[in-house]
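Just below is one structure, and these are the notes that go with it.
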Amino acid sequence: MVLTEIWTSLIMWFFYALIPCLLTGGVAILPAPQNLSVRSANMKHLLMWSPVIMPGETVYYSVEYQGEYESLYTSHIWIPSSWCSLTEGPECDVTDDITATVPYNLRVRATLGSQSSAWSTLTHPFNRNSTILTPPGMEVTKDGFHLVIELEDLGPQFEFLVVYWRKEAGAKEHVKTVGSGGIPLHLVTMEPGAAYCVKAQTFVKAIGRRSAFSQAECVEVQGEVLPLALALFAFVGFMLILVAVPLSAWKMGQVLRYSCCPVVVLPDTLKVTNSPQKLISCRKEEVDACAMTAVLSEELFRTWI
């Protein structure tokens with residue numbers, strides 16, 4: 001009697017152990033992935049699970065999902081993930097599959113050769129409005145007197161709210177909405193010797209949520225000593241040009257005048273100071289005196305010979 005009960009128990013155990021294999025075509029020996037979860041930050045959604053360990057073998061995974069419509073009206077239909085069909089790693093980027101702000105069911109199974117595990121389904125449907133929004137990365141610089149900011153490019157769904165102000169007591173904050181990141185943006189022309197601060201937050205219209213503000217970053221513009229010196233040098237140079245050009249023109253005119261139309265100045269010995277008649281009479285007396293002197297000299301020379 002006891003032996004009969006033992007045999008009956010063994011047969012029943014074997015029968016119950018064999019049923020899953022028969023129902024699944026002999027593939028239930030491959031364990032299903034466990035501990036499914038979704039890690040979502042800044043609208044990037046990553047489905048993760050514990051890997052199936054098979055020593056010496058490479059296990060592949062496939063992911064499928066259902067949107068709200070499929071869950072309600074066609075629950076037997078599952079859509080293969082865009083990027084996770086027979087992938088090796090124990091994670092799947094389902095960002096491109098989650099296209100609406102509705103609950104999504106996600107499931108994954110393991111495959112080894114011709115064997116496939118049962119499907120493991122995410123315990124709670126995932127909605128992308130639960131994503132974690134972090135403050136945007138930003139780089140604040142100055143280009144001369146221009147305050148420039150470049151925000152992290154987080155994708156087309158993100159807008160940015162940028163707040164900037166002059167660093168002083170009671171300063172007014174200015175707000176600017178930026179449509180996309182990754183591009184340097186001019187905010188304001190800064191005053192010399194002043195410091196300016198900037199902070200930013202993200203906004204995702206699709207889910208109606210904002211991130212916290214980033215830490216404020218400040219830059220300071222040095223005083224305008226160099227611009228003043230340049231302005232002074234420019235003014236002095238302009239004044240020199242203003243004086244030198246007319247002076248050079250006048251000097252050149254003088255040179256051309258003396259070269260082309262010189263003015264001859266007669267010495268005093270050549271200047272006529274007496275009347276022409278008196279000058280003529282003076283010249284006649286001088287000629288006669290010279291002639292007498294010449295005759296006397298000639299007669300003395302002959303007498304000496």
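Each value in this text was obtained by applying a stated rule to the coordinates, not by laboratory testing. These numbers were taken from a predicted model, which means no experiment stands behind them. No Cβ is skipped: glycine too gets one built from the backbone with ideal geometry, and neighbour counts run over all protein chains shown.
Could you order the peptides 234-240, 58-64, 37-43 from most to least packed, using the average number of other C-beta atoms within 10 Å per residue? Please list the in-between numbers first.
On the way: 234-240: 10.0, 58-64: 19.3, 37-43: 17.0.
Result, highest mean Cβ count within 10 Å first: 58-64, 37-43, 234-240.
Within region 133-176, report the GluC sites (Glu not before Pro) that DSSP leaves as loop and that have at most 15 other Cβ atoms within 10 Å. Don't skip to the end; give the middle numbers.
Working: sites: E139, E150, E152, E159, E168, E173; in loops: E152, E168, E173.
Sparse-neighbourhood loop GluC sites (Glu not before Pro): E168, E173.
Among 81-91, 176-186, how do they line up from the highest to the lowest mean number of other beta-carbon atoms within 10 Å? Write down the numbers at each step before the final one.
Working: 81-91: 14.6, 176-186: 13.1.
Ranking, from highest mean packing down: 81-91, 176-186.
Would you kindly derive the ³J(HN,Hα) couplings of region 50-66 from the backbone phi angles with the Karplus curve 6.51 cos²θ - 1.76 cosθ + 1.60 (θ = phi - 60°), listing them in order in whole Hz, with x for Gly and Pro?
6, x, 8, 9, 10, x, x, 10, 9, 9, 10, 10, 10, 10, 9, 9, 10
Longer than 28 Å from Cα to Cα, which of K142/K172; K44/K167; K142/K176; K44/K176 are they? Say none if no pair is.
Working: K142/K172 20 Å; K44/K167 36 Å; K142/K176 18 Å; K44/K176 26 Å.
Over 28 Å Cα-Cα: K44/K167.
Using alpha carbon centroids, what distance separates region 68-83 and region 117-154, in Å?
Centre-to-centre (Cα) distance: 27 Å.
D for region 39-190, whole µm²/s, Stokes-Einstein with Kirkwood Rh over alpha-carbon pairs at 4 °C and 1.567 mPa s: what number? Intermediate values should be presented prior to the final figure.
Numbers: Rh = 18.9 Å.
This corresponds to a translational diffusion coefficient of 69 µm²/s.
Just want the answer: with Cβ charges of +1 for Lys and Arg and -1 for Asp and Glu, which residue in Q215, N129, G179 is farthest toward the dipole's positive end in region 67-224?
N129
Please give the net charge around C218, taking every other residue with its beta carbon less than 12 angstrom from that of C218, where Lys and Arg add +1 and Asp and Glu add -1.
Details: positive: K142, R166, K167, K199; negative: E168, E217, E220.
Here the count lands on +1.
By how many nm would the segment from S82 to A118 grow when fully extended, if each residue of separation counts as 0.36 nm and the alpha-carbon distance is taken off? Walk me through the numbers on the way to the answer.
Numbers: separation 36, 0.36 × 36 = 12.96 nm, distance 2.06 nm.
Contour length minus the Cα-Cα distance gives 10.9 nm.
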